[in-house]
Amino acid sequence: MSKRSEELFERAKKCIPGGVNSPVRAYRSVNMNPRFIERASGDRIIDVDGNEYIDYVCSWGPMILGHDHEAVRDAVTKAVKDGLSFGAATEKEVLMAELITDMVPGIEMVRMVNSGTEAVMSAIRAARGFTGRDKIIKFSGCYHGHADHMLVNAGSGLMTQGIPGSSGVTEGNAKDTLTAGYNDLNSVERLFDSNPDNIACVIVEPVAANMGVVLPEEGFLQGVRKFCDKNKALLIFDEVITGFRLSPGGAQEYFGVRADLCTYGKIIGGGMPVGAYGGRRDIMEVISPLGPVYQAGTLSGNPVAMAAGLAVLNILKNTKDLYPDLNKKSDEFFSEAEKILTASGVKHRINHIGSLGSIFFTDNVVSDHSSAGKSDTEMFTTYFKYMLENGIYIAPSQFEAMFISVSHSKEDLSKTLDVIRGFGK
Ligand SMILES: *Cc1c(COP(=O)(O)O)cnc(C)c1O
């Protein structure tokens with residue numbers, strides 16, 4: 001039953017482009033109309049027609065503790081009573097900055113912003129200001145938000161719609177963005193060689209999670225680090241998804257590779273619109289009002305948003321064995337799914353790391369943008385519909401990640417595996 005969702009979508013299409021405020025939500029790549037969500041609790045999400053699903057989107061990452069976590073709800077409720085926004089410095093921003101610099105290796109200073117897009121935009125500007133160079137290197141299939149210069153060979157919604165870039169981006173804006181292949185160090189070296197002393201930074205998702213999940217091969221992140229050092233370019237880890245997902249210190253800690261700047265979003269706001277960028281003190285000191293790189297925000301460091309983020313990060317930091325338990329439960333889930341799909345003869349490739357994973361419908365290894373793009377998207381569409389009809393809510397695109405939260409129960413994970421088993425039949 002999706003009567004209310006259908007009605008709302010008809011109304012939405014009349015006054016919102018495509019009926020949605022972010023493209024992938026429209027379900028276009030799976031030829032369906034979207035479900036409108038009413039509420040969520042723990043690992044369950046409920047739509048306006050009363051259908052209940054086990055949720056593997058988790059708001060695209062932020063809900064690592066599950067929906068409607070009591071401590072987060074209490075912190076937000078308390079903050080709301082004190083006032084929604086002051087446009088002035090608050091204690092919560094200090095607590096947040098102290099917590100992040102404490103949890104994440106190498107983050108000496110941090111600035112709060114309102115989204116991952118803004119975090120990336122600002123970090124790139126800081127890198128250009130610091131180095132006095134124009135060009136940047138990104139990787140094909142990585143998504144870094146929708147700033148003009150980032151919409152070149154990007155993943156996520158662009159990959160879902162099958163377009164290499166966005167209309168409305170000027171040539172001037174695109175020409176300083178160079179694209180390398182994920183897991184292809186030679187392509188990085190070639191770009192450095194052909195643009196001597198003109199690369200400000202390399203930005204990378206340390207685990208790519210916007211062309212589906214693609215893991216960095218052994219030595220890839222270390223190799224990128226080495227090329228950056230050799231060419232005096234900065235390395236930016238876009239940790240909007242990986243930050244606080246794999247370990248308290250994010251991918252830097254997980255892989256033992258240090259970036260110069262990192263960008264955050266999603267988990268850091270606990271479901272509120274928050275982003276952050278931070279890193280080496282000498283670089284962050286170029287930011288206004290200390291230095292010449294301007295960056296500002298009326299609602300940046302908003303007290304209600306900080307309350308949510310602080311509550312989540314404090315739990316992540318202080319709960320013993322939270323990450324080992326989450327990663328173990330997720331490993332078991334994905335290896336069981338692997339067994340089931342192998343036994344059923346469905347062509348597939350599962351890429352996963354901790355609580356982040358993707359099931360691709362292909363026989364090939366998926367290690368970059370072009371191999372991810374070879375997945376059978378028609379098969380995915382069939383799979384998506386089947387999962388939804390059977391109470392499992394996954395992202396409506398082959399090229400997005402699946403997220404497991406602390407609140408996913410053993411019963412619900414095994415129920416999900418039973419549904420996957422049914423798909424193979
Ligand atoms: C989601 C995402 C962004 C953009 O964040 P928004 O909050 O959607 O602007 C940037 N980088 C990565 C890696 C992301 O996954």
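Going by the conditions given, is residue 266 without any contact (Cβ under 8 Å) to a residue 12 or more places away in the chain, assigned by TED's automatic domain parsing to the domain that holds residue 160 and open to solvent by 10 Å² or more (accessible area, probe 1.4 Å)? Answer is no for this residue. On inspection, residue 142 fails the criterion of being more than 18 Å from the chain's Cα centre (by Cα), closer than 18 Å to residue 263 by Cβ and open to solvent by less than 40 Å² (accessible area, probe 1.4 Å). Considering only residues that are polar (S, T, N, Q) and under 21 Å from the mean Cα position of the chain (by Cα), which ones fall in the range 3-37? Once the filter is applied, which keeps residues that are polar (S, T, N, Q) and under 21 Å from the mean Cα position of the chain (by Cα), the range 3-37 yields 21, 22, 29.
On the stretch given as the range 357-371, residues that are surrounded by fewer than 17 Cβ atoms within 10 Å (Cβ to Cβ) and either more than 22 Å from the chain's Cα centre (by Cα) or closer than 20 Å to residue 345 by Cβ (or both) total 3. Within the option set 425, 374, 385, being surrounded by fewer than 20 Cβ atoms within 10 Å (Cβ to Cβ), under 13 Å from residue 212 (Cβ atoms) and not polar (S, T, N, Q) holds for one residue only, 374. Checking every residue in the range 76-93 against the condition of being within 16 Å of the ligand (Cβ to nearest atom), surrounded by fewer than 22 Cβ atoms within 10 Å (Cβ to Cβ) and over 30 Å from residue 366 (Cβ atoms) gives zero matches.
For the range 1-22, the set of residues classified as closer than 27 Å to residue 145 by Cα and open to solvent by 30 Å² or more (accessible area, probe 1.4 Å) consists of 13, 14, 15, 16, 17, 18, 21, 22, listed by residue number. Would a scan of the range 247-255 turn up a residue that is modelled with pLDDT under 95 and among the acidic types (Asp, Glu)? So far as the range 247-255 goes, yes, one or more of its residues are modelled with pLDDT under 95 and among the acidic types (Asp, Glu). Of the residues in the range 111-127, how many are away from the ligand (no atom under 11 Å from the Cβ) and surrounded by fewer than 20 Cβ atoms within 10 Å (Cβ to Cβ)? So the answer is 1. Scanning the range 142-168 for residues that are among the small types (Gly, Ala, Ser) and more than 11 Å from the ligand (Cβ to nearest atom) yields a total of 5. Picking from residues in the range 151-186 that are surrounded by 18 or more Cβ atoms within 10 Å (Cβ to Cβ) and without any contact (Cβ under 8 Å) to a residue 24 or more places away in the chain, the one that is farthest from residue 226 (Cα to Cα) is 158. Determine whether residue 90 is farther than 15 Å from residue 313 by Cβ and out of contact with any Lys or Arg (no Cβ under 7 Å at 6 or more places or on another chain). Answer is yes for this residue. Of these, 35, 25, 39, which one is buried (at least 21 other Cβ atoms within 10 Å of the Cβ), outside the structural domain of residue 163 (by TED's automatic domain parsing) and of a type in the set (Lys, Arg)? The unique qualifying residue is 35. Across the range 237-266, the number of residues qualifying as under 12 Å from the mean Cα position of the chain (by Cα) and more than 18 Å from residue 204 (Cα to Cα) comes to 0. Before we move on, is residue 393 open to solvent by 10 Å² or more (accessible area, probe 1.4 Å), hydroxyl-bearing (Ser, Thr, Tyr), modelled with pLDDT of 95 or more and within 19 Å of the chain's Cα centre (by Cα)? Yes. Here 309, 301 are screened, and the one residue that is assigned to a loop (DSSP other than H, G, I, E, B), open to solvent by less than 20 Å² (accessible area, probe 1.4 Å), assigned by TED's automatic domain parsing to the domain that holds residue 113 and not acidic (Asp, Glu) is 301.
Note on the range 25-107: enclosed strands (runs of 3 or more DSSP E) holding 1 or more residues that are β-branched (Val, Ile, Thr) and free of Cβ contacts under 8 Å to residues at least 60 places away in the same chain are 37-41, 44-47.
The values are calculated or read from the model by the stated rules, or taken from the named source; none is laboratory data. Worth saying up front: this structure is predicted, and the values here are computed from it rather than measured. Glycine gets a Cβ as well: all are built from the backbone with ideal geometry, and neighbour counts include every protein chain shown. Keep in mind that these areas ignore ligands, DNA and RNA; they rest on the heavy atoms of the full protein, side chains included. Shrake-Rupley method; radii C 1.70, N 1.55, O 1.52, S 1.80 Å.
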